[in-house]
Amino acid sequence: MNANHHFEIAEQYLLVPYNLTTGTLSSVFGELFGHRIDHADLYFQFARSEAWSLEEGIVKSGSFNIEQGVGVRAVSGEKTAFAYSDEISLPALLGAARATRAIAAAGGDGKLPQLAGHGPRSLYGQGDPIVSLDATAKVALLERLEQLARAADPRVTQVMAHVAGSWETVLIARSDGHLAADVRPLVRVSVTVILEQEGRREQGSAGGGGRFDYGYFSDAVLVDYAEKAVHQARVNLGADPAPAGEMTVVLGSGWPGILLHEAIGHGLEGDFNRKGSSAFVGRVGQRVAAKGVTVVDDGTIPDRRGSLSVDDEGNPTQRTVLIEDGILTGYLQDSLNARLMGVQPTGNGRRESFAHVPLPRMTNTTMMAGDKDPQEIIASVKKGLYAANFGGGQVDITSGKFVFSAAEAYLIENGRITRPVKGATLIGNGPDVLTRVSLIGNDLMLDPGVGTCGKEGQSVPVGVGQPTVRIDGLTVGGTG
């Protein structure tokens, strides 16, 4: 899809029905420019979304939602004023503009911007996933997922399956005359199973998705999800209590990159560093990780859950190297923090919806591959823990301290993966854990497309990834 189609769709949904034009939008900036402001933008959004859930063999819930509106932001120095309306109209826009200009002194030049479109490259298709399958087919997909899970193991007592899709179009008009549009599909399928044996119950989960339609979820893909969920539950059903103490930990490839996202990624966002609250403040150019550790945030990977053709400020997303061979090279920036820190935006200004202000946020954050065979990494460990998959976790941005629970883990004994263990938690400090990386695998893998990141009450889709990684001297909290 070329850039003109983005603008055509955005105008069709966001301007034409309300008798608005780009010229009209320029007049809204006239309300703002009677005052001294550094930046202003209008963020229009139309979105429709759905979710279907199956439990106990029947579809127990379904939802469909349409959301539309516009957010108006004015920035003066470090101050931000923001107003939004779910009514898209000229009076609503003018009213929001008058409300936001209150942060700045009167006496602006009143000059109207000449809005011009700057089309991004398109990283995903424009089709609406919601109409790519009818309701009957969506129910059949959920029922098929349940059948596959139950067929995988007779001990499966419960299956919960979920399918969700959304389609949104956005239009961003800025006070510098920049006009950008994007059309964003997103789908996700997930399954959770519970296995029971001799009174003991364990659960496992799997799933995936991305910026495409439901056609992605072929029978082979659904088989993979069902088998992975059942495998995880089966492993935990036969697991021993995890040991506790300081030990060598090997993280598997793919989704375990969520530890990188939480423990390190948030600390590299521009606002935390500008305000002095990150453990990485003032460390650009310094060694913050072991040699060989390179961390990248890349919002340009086609079809990925965390990718965007443009961010929510209209800037093209990009591949930003944050740590290169252990040296901190920069932070993730939105426009406001970039301006105040004297650097360029990195295309990481993201917002949950038109009702939220943009913040510097991650897109797809990965540790790049090294040169070690994963089996060589396992063989190098005499006694330790192999964390193949993760559940939830928490991190303190200021201190960098984190706690993560392993959803699937095994002991490593004499260079071999042996018994599964349950209840393992990884405890450490983000900046410190980077320095303890001793071996990096050549098997970089991205997560299957399930990540959602929360910050200041806003949730956005993200991606993570990493190769197999050995970390020396990490604290493991166990149950045994």
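Here the scattering of region 112-202 is modelled by Debye summation over its C-alpha atoms, one equal scatterer each and no solvent; at q = 0.11, 0.12, 0.16 Å⁻¹ the log10 of I(q)/I(0) is -0.55, -0.60, -0.78.
Step through the table entries Lys79/Lys275; Lys291/Lys382; Lys291/Lys372; Lys383/Lys422, compare each Cα-Cα distance with 19 Å, and write down the pairs that go over it. Flagged as over cut-off: Lys291/Lys382. For the chain, the convex hull drawn through the C-alpha positions has a volume of 139 cubic angstrom per residue. Summing Lys and Arg as +1 and Asp and Glu as -1 over all other residues whose Cβ lies under 13 Å from the Cβ of Val321 gives a net charge of -3. For Ser253, the shell of other residues with beta-carbons less than 15 Å away shows a net charge of -3, using +1 for Lys and Arg and -1 for Asp and Glu. Just the Cα atoms of region 205-317, one point each, no solvent: what log10 I(q)/I(0) does Debye give at q = 0.13, 0.21, 0.22, 0.24 Å⁻¹? At q = 0.13, 0.21, 0.22, 0.24 Å⁻¹ the computed log10 ratios are -0.85, -1.29, -1.33, -1.41. Per the helix-only calculation at 222 nm, which mean residue ellipticity applies to the chain, given -39500 (n - 2.57) for every DSSP H run of n ≥ 4 and division by its residues, nearest 500 deg cm²/dmol? Value at 222 nm, helices only, nearest 500: -6000 deg cm²/dmol.
Ranking of Ile172, Ile58, Ile194 by solvent-accessible surface, largest first: Ile58, Ile194, Ile172 (1.4 Å probe, protein heavy atoms only, all chains present). Using a probe of 1.4 angstrom and keeping all protein chains present, the accessible surface of region 351-408 works out to 41 square angstrom per residue.
The calculated pair-distance distribution of region 276-360 uses every alpha carbon pair, bins of 5 angstrom beginning at 0, and gives 3, 15, 20, 23, 19, 13, 6, 1, 0 percent. Taking a sphere under 13 Å around the Cβ of Gln458 and counting the other residues whose Cβ falls inside, with K and R at +1 and D and E at -1, yields a net charge of -2.
For region 321-400, taking the reciprocal of the average inverse distance between every pair of different Cα atoms yields a Kirkwood hydrodynamic radius of 16.5 Å. Remark: region 61-104 projects, on average over all directions, an area of 4.2 nm² (convex hull of Cα atoms).
Applying 1/(1 + (r/R0)^6) with R0 = 60 Å to the Cβ-Cβ distance of Asp86 and Ile417 gives a FRET efficiency near 0.70. The value given for region 345-445 is a Kirkwood hydrodynamic radius of 16.3 Å, derived from the mean inverse Cα-Cα separation. For His5 and Thr24, the difference between the fully extended length at 0.36 nm per residue and the C-alpha to C-alpha distance is 4.7 nm. Placing a label point 7 Å from the Cα of Ser438 along the Cα-to-Cβ line, the residues of region 444-480 whose backbone N sits under 17 Å from it are 468-476.
Round to a whole angstrom and tell me the spacing of the C-alpha centers of region 425-472 and region 309-334. Computed from Cα coordinates, the inter-centre distance equals 17 Å. Rg and Dmax over the alpha-carbon atoms of region 391-480 stand at 14.7, 45 Å.
Note on Arg201 and Ser218: the model spin-label points, each 7 Å out from Cα along the C-beta direction, lie 3.6 nm apart.
So if R0 is 41 Å, what FRET efficiency would Ser399 and Thr136 give, r being the distance between their Cβ atoms, rounded to the nearest 0.05? Efficiency for this residue pair is about 0.20.
The values are calculated or read from the model by the stated rules, or taken from the named source; none is laboratory data. Keep in mind that what you see is a predicted model, and the values were worked out from it rather than measured. Here the Cβ is made from the backbone with ideal geometry for all residues, glycine too, and neighbour counts use every protein chain on show. Keep in mind that these areas ignore ligands, DNA and RNA; they rest on the heavy atoms of the full protein, side chains included. Shrake-Rupley method; radii C 1.70, N 1.55, O 1.52, S 1.80 Å.
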